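The values are calculated or read from the model by the stated rules, or taken from the named source; none is laboratory data. Since we're looking at a predicted model, the values are computed, not measured. Note that each Cβ is placed from the backbone with ideal geometry, even for glycine, and that neighbours are counted across all protein chains shown.
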Amino acid sequence: MISAIAIDDESYALEVIKSHASKVPFLELKATFTDAVQGLEYLKNEPVQLVFLDINMPDISGIDLAALLPKETLVIFTTAYSDYAVKGFELNAMDYLLKPFNLSRFLKACQKAQEWIELQPKEIPVFLFVKTSEGQIRVDFSELLYCEATGNYVTFQLQNQKILSRMTLSEVEKLLPPFFIRTHRSFLANKNLVSKAERHQLHLLGYTVPISSSFLDAVMENLKS
């Protein structure tokens with residue numbers, strides 16, 4: 001889902017964008033602004049991936065405002081004046097929509113933004129917060145050796161502590177980066193901390209994690225990469 005806002009001093013133009021955006025399943029239009037400065041202030045606290053930006057506005061032009069946005073924020077210019085197109089693309093705008101534009105043209109611009117976002121390297125998380133009886137506890141992946149499922153609970157075995165949380169191993173697996181590998185129906189192990197691999201178990205800094213026969217081939221192949 002692409003998060004977006006729209007900035008245009010004409011309310012009618014924003015209504016058109018709202019209508020089109022509601023028909024694009026991968027686009028979430030979070031807010032619209034007729035005041036460019038208010039839009040810029042919003043972005044300081046609520047960054048988005050994409051901004052639909054009118055160019056000819058009274059307080060600050062869309063061209064000048066685009067130059068103030070974070071480098072990673074994508075811009076699709078919307079304006080009634082084709083003379084601005086060249087300047088818009090000089091700013092590496094994702095696209096340029098000449099008013100009035102229909103849904104088909106709007107969708108094409110959104111798809112360009114989606115394709116660009118999908119091509120960017122994904123950031124790998126470095127920690128998560130785990131809910132326990134004592135509250136939310138931070139788990140740093142660099143310290144996490146393995147996870148073990150027992151009934152409706154999962155034990156997070158860190159290098160210096162053990163954390164118990166009520167959740168399933170499948171739920172945990174979805175939250176972990178790809179260097180955590182399933183070795184057993186009840187275990188996930190941090191392959192970056194494996195010091196030795198045997199046929200039926202992995203060694204991780206003084207701990208051992210079992211490898212079931214059904215996961216053996218996948219584990220050994222994963223350790224090679």
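A compact table of results
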read-out	value
Filter pass, Val37 being in the same structural domain as Leu103 (by TED's automatic domain parsing) and either modelled with pLDDT under 95 or assigned to a strand (DSSP E or B) (or both)	yes
Criterion (modelled with pLDDT under 90 and either touching a Leu at 6+ places or on another chain (Cβ under 7 Å) or in a loop (DSSP other than H, G, I, E, B) (or both)) met by exactly one of Pro58, Pro25, Pro100	Pro58
Qualifying positions in the range 175-200 - part of a loop (DSSP other than H, G, I, E, B), hydrophobic (A, V, I, L, M, F, W, C) and more than 12 Å from Val219 (Cβ to Cβ)	Leu176, Phe179
Any hit, the range 138-156, residues being over 30 Å from Gln201 (Cβ atoms), of a type in the set (D, E, K, R), modelled with pLDDT of 90 or more and not in a loop (DSSP other than H, G, I, E, B)	no
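Okay, residues lined up against (1) over 24 Å from the mean Cα position of the chain (by Cα); (2) outside the structural domain of Tyr207 (by TED's automatic domain parsing); (3) under 24 Å from Tyr12 (Cα atoms):
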site	(1), (2), (3)
Phe106	no, yes, yes
Phe141	no, no, no
Thr150	yes, no, no
Gln157	yes, no, no
Val172	no, no, no
